[in-house]
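Taking it in order: structure first as structure tokens, then the write-up.
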Amino acid sequence: MIDRVEIAAVQMDPVIRDKRRNLETILEKTRMAAGGGAGLIVFPECALTGYVFTGREEAMPYAETVPGPSTEKMEGLCRELGVHVVFGLIEKDDDKLFNSAVLIGPEGFTGRYRKIHLPYLGVDRFLDGGDRPFEIYETPIGNIGIFICYDCNFPESARVMALMGVDILALPTNWPEGRDKIPGYVVPSRAFENRVNIVAANRVGNERGTGFIGHSEIINARGDVVASAGDEEEIIYGG
């Protein structure tokens, strides 16, 4: 791992069922964050698709394979800018659908994670549980691990990757209203107890009656809050 890497969390308001617009936003914000010096840029859970789908059938047309068309566009931009990006989407694999997050870097597609712990909320009610173990990905900026939102509530998720030698945990989230204790207490605790850096990127806005709180944050390996966001769209940085 290099001595210091600037990290960005992009807090955005995805538009449900509008992948084209969301991807344009992700590409635009990636350029902005890279221009701000970030080497690792993390977007929210389901940033590509939106989250509050009414059923599996509604979500299916917006799912895509990994690698797929959206990851391919991001690969080109990551090569151009020399950055690593994590963003969330609904992944299609044969007849299964997963809440996934992908890691893409200057060398192209690097890896993906499929959410294991699915709360009874939004599209998670209708998706398949993750069928792969936690992994870490060796990159020039450090060993990166990924988990998604509710996974962070279970100490074992972060601990497994800590024992594997992770340096930075990327946490795309969709924290809804009423979940303020998670960025306030849970995420800093995971960083402190495992001595790892965590970047949590949450969404904002209101989607079909569900409000999202924002409060994205970057936590260092001592459990200190390096940067935190409010409840509007913004990019925060820390290193």
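The values are calculated or read from the model by the stated rules, or taken from the named source; none is laboratory data. Note that the structure is predicted; figures quoted are calculated from it, not measured. Neighbour counts run over all protein chains shown; Cβ positions are idealised from the backbone, glycine included. Ligands, DNA and RNA are stripped out before the accessible areas are found, and what is left, the full protein with its side chains, is counted by its heavy atoms. Shrake-Rupley method; radii C 1.70, N 1.55, O 1.52, S 1.80 Å.
See the values below:
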| item | result |
| --- | --- |
| Prolate/oblate/rounded call for region 1-128, Cα gyration tensor, a/c under 1.5 rounded | prolate |
| Rel. contact order, % - alpha carbon contacts under 8 angstrom, at least six apart, region 32-93 | 57 percent |
| Cα gyration tensor shape of region 109-239, rounded if a/c is under 1.5, else prolate or oblate by comparing a/b with b/c | oblate |
| Overall Cα dimensions of region 56-121, principal axis frame, Å, largest first | 37, 22, 17 |
| Solvent-accessible heavy-atom area per residue, rounded to whole Å², over the chain at 1.4 Å | 41 Å² |
| Rel. contact order, % - alpha carbon contacts under 8 angstrom, at least six apart, the chain | 22 percent |
| Of the trypsin sites (Lys or Arg not before Pro) in region 155-207, those whose Cβ has at most 13 other Cβ within 10 Å and which sit in DSSP loop | Arg195 |
| Selected from Ala33, Ala101, Ala221 as most flexible by GNM, with the chain as the system and alpha-carbon contacts under 10 Å | Ala221 |
| Above-threshold pairs, the threshold being 19 Å between Cα atoms, out of Lys73/Lys96; Lys29/Lys92; Lys73/Lys115; Lys19/Lys73 | Lys73/Lys96; Lys29/Lys92; Lys73/Lys115 |
| Distance (nanometres) between label positions extended 7 Å along Cα→Cβ at Glu233 and Glu107 | 3.4 nm |
| Residues whose placed amide H lies under 5 Å from that of Asp167, excluding near-sequence neighbours | Asn143, Ile144, Gly145 |
| For region 1-56 and region 133-150, distance of Cα centres in Å | 17 Å |
| Phi to ³J(HN,Hα) by Karplus 6.51 cos²θ - 1.76 cosθ + 1.60 over region 123-137, Hz, x for Gly, Pro | 5, 4, 5, 10, 9, 8, x, x, 10, 10, x, 4, 9, 10, 10 |
| Cα gyration tensor category, rounded, prolate or oblate, for the chain with a/c compared to 1.5 | rounded |
| DSSP bridge orientation in the chain - percent antiparallel, rounded to nearest 5 | 70 percent |
| Positive dipole terminus of region 192-239, leading residue within Ile213, Val199, Ile236 (C-beta point charges) | Val199 |
| Accessible area of region 1-52 belonging to carbon and sulfur atoms, whole % at 1.4 Å probe | 42 percent |
